[in-house]
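What follows draws every value from the coordinates through simple rules; no lab data is involved. In this text the structure is predicted, and so the values were computed from the model without any measurement. Methodologically, a virtual Cβ is constructed for each residue, glycine included, from the backbone with ideal geometry; neighbour enumeration extends over all protein chains shown.
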Amino acid sequence: MESYKLVKDTIQFRNLSKTPLFYLNRDKQRSDIIMVGYTVPCDFNPIRPTISEWGYEWESLNSTMGQSHNRPIKEWSDLETFVPPEPFSIGRFESAKHTIKEYKGKYLIGDLGITGFNHVTFLRGFENTLEDIYLDRENIERLLDVVVDFECEIIRQFAECKVHGIAFGDDWGTQRSLMISPVLWEEIFLPKYIKQFQLVHSLGMDVYFHSCGYVYDIIPQLIKAGVDIFNFNQPDLLNIDRLKDDFAGKVNFCCPIDHQRLAINGTKSEIFNYAKKLKDKLGIIKGGFIGFIEYYPSLNMDEEHYKWICEAFETLF
């Protein structure tokens, strides 16, 4: 239970030993944290492998995740007959149970995948969703409730599997600002997060929240709502010194070498110095920071840079 205790002590600001590391998608045996996913049901047989159980279809032109098309909610009349997936379908957690058994002693995070607002855009379309937030708020909230209710049932099942945290993934920022008005975000989306985070905490788990882009305006509300760990992959965009001044000691940060810049183009010395800066600025004496390591070839991260990143975090922490 060494890894579990290390991470839990860090989250609760009582860590007096080393900084935990999170290897997301490679070298997981070296990681203190393991992400555990759920899957589609055993009886899900789409006519094409690119079709999701929610009815939209994935399209990718390269090694990135791609984007959705052929979305099921083209018109709001489609919502009247739309049937979301059954969260309790047979087989959803078979793979998760194997992963949990394999990584016994690690801090386990149940991964909801892409959640909330982002998932709504997959169902309705990105431009349509942004327009609907301003022009058809009632219907966009109805669709959001469908997604949130499904996620809540998955959260309950993850709790039964005895994971330690729940991961939300909802990108909210452009390079300069939120995608929508902070006032509208607080009115429409914050209550949904509060509902979900309260559920997570009531079941004895922690909240891990990933969001890309410039999301500074909503960090205080998310902390108040119950986020325990933020995963920000562009620390420079948010200003590390400002994050330190405003939030160090109030929440945990799980951050990599900035994915937009140094993780791709930095020298070895720059990467090592940056890892130390993250720890020194975002961590406090007894916790607050978790090193995040992700191999990201679709952003042109090469093997040499990945190796340097691993060495930097392992050596310094």
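What to note about this one:
- The alpha carbon convex hull volume per residue for segment 194-316 rounds to 112 Å³.
- Entries in Lys104/Lys244; Lys101/Lys250; Lys106/Lys224; Lys8/Lys101; Lys195/Lys307; Lys162/Lys276 that, when Cα-Cα distance is taken, lie over 30 Å: Lys104/Lys244; Lys101/Lys250; Lys195/Lys307; Lys162/Lys276
- Selected from Val146, Val40, Val183 as most flexible by GNM, with the chain as the system and alpha-carbon contacts under 10 Å: Val183
- Alpha carbon centroid spacing (whole Å) that separates segment 1-72 from segment 168-205: 19
- Cβ crowding within 10 Å averaged over residues, with 268-278, 9-19 ranked highest first: 268-278, 9-19
- Taking only alpha carbon atoms, the chain gives an Rg to Rh ratio of 0.95, where Rh is the Kirkwood radius.
- Helix-only [θ]222 nm of the chain, DSSP H runs n ≥ 4, -39500 (n - 2.57) each, per residue, nearest 500: -13000 deg cm²/dmol
- Alpha-carbon Rg with Dmax, taken over segment 246-317, Å: 12.2, 36
- With Cα atoms, 0 to 90° folded angle of helix 126-135 axis to the chain main axis: 70
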